[in-house]
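Reading through the structure tokens given below for one structure.
Every number in this text was worked out from the coordinates using simple rules, so none of it is lab data. All values derive from a computational prediction rather than experimental measurement. Cβ coordinates were reconstructed from backbone atoms using ideal geometry, including for glycine residues, and neighbour counts include every protein chain displayed.
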Amino acid sequence: MTIQWFPGHMTRARRQIQDKLKLIDVVIELIDARLPISSRNPMIDEILQGKPRMILLNKADLADPEVTEEWIKYFKEEGHTTLAIDANTGTGVKDIPATAKLLFKDKIDRQIAKGINPRPIRALIVGIPNVGKSTLINRMAGRNIAATGDKPGVTKAQQWIKVANREIELLDTPGILWPKFEDQNVGYRLAVTGAIKEEILNIEDIAFFAIKYLVQFYWPAMKERYGLEEPPKDIDNPDEIVAIMEAIGRKRGAIISGGRVDLEKASSILLRELRAGKLGRFSLEAPY
Ligand code: GDP
């Protein structure tokens, strides 16, 4: 799903989240483990107004595990409580309630000491489109509650979903945020993962961006899959990147009349294979 964000949408999305903040104790900020910064809302700190928060690196099953470890360290150094998860299969999801409770440990301990039964912690999931919010809500609920592909601006009655032995109550509608569009590389990273539609950016440009990154950081996987010989000598020479795109096209039989490579088709094949995990796990940005 792709949303065209305009200032009015952003203001409305922001207001919707801020209305929900009044109801909740903790925000669960969902970002994509492959591109944690690019899949983040640039105004998140301001929007959350100091609400306790945990950061979840979702789709960790698709990301480079070593880079994910670095990101966890990075966010911890920034003072955030952070977990890597895979909402699709549920890996890491069972640790969310205990981690949320840790944020309120002092308060809960005080209540227990006074003989008060602590009330459930109320949580809201927020994140940009396609990051996995609905998948996570359904996974935590253990049943289908949130329709994947929720639209901003669509209002319905909100409900609390009781999870983790009723110790956590999760709002069934997530808060939808927008990514940082002004930076073109952010747009490309999101497009490589399929988080934004290919029609918005040129598919050959998206593939070009992907190839340039992959040959630098995941050369062995590229070499093996597409039978490539040598990595580019000068990564900043566009001709060398296009030559790799052509090699991919030839390998996959994407040829047009006259024997030229169909670059659009080669691009589409590369992106499809990459997203399907055929080149292995990859991350598109690293913290250090
Ligand atoms: P939302 O727009 O944030 O609610 O995102 P969705 O929950 O609709 O998920 C978007 C897509 O990402 C769907 O195709 C999900 O199956 C997929 N997805 C969500 N979480 C994960 C995950 O942890 N790993 C993988 N591989 N795919 C995921």
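Miscellaneous remarks
- The spacing between region 51-126 and region 247-275, judged by their C-alpha centroids, is 42 Å.
- Highest mean first, the peptides 226-235, 20-29 sorted by other C-beta atoms within 10 Å per residue fall in the order 20-29, 226-235.
- The number of Lys pairs in region 213-288 with C-alpha atoms less than 15 Å apart, excluding pairs fewer than 8 positions apart on the same chain, is 5.
- Bridge type composition, the chain - antiparallel percent by DSSP, nearest 5: 25 percent
- Degrees, to the nearest 10: 184-193 long Cα axis against longest axis of the chain: 90 degrees
- On Cα atoms only, tilt of 263-275 relative to the major axis of the chain in degrees: 40 degrees
- Nearest-ten-degree value, helix 238-251 long axis tilted from longest Cα axis of the chain: 90 degrees
- Whether region 2-139 is rounded, prolate or oblate, judged on the alpha carbon gyration tensor where a/c under 1.5 counts as rounded: oblate
- Overall form of region 1-83 per C-alpha gyration tensor (a/c, 1.5; a/b vs b/c): oblate
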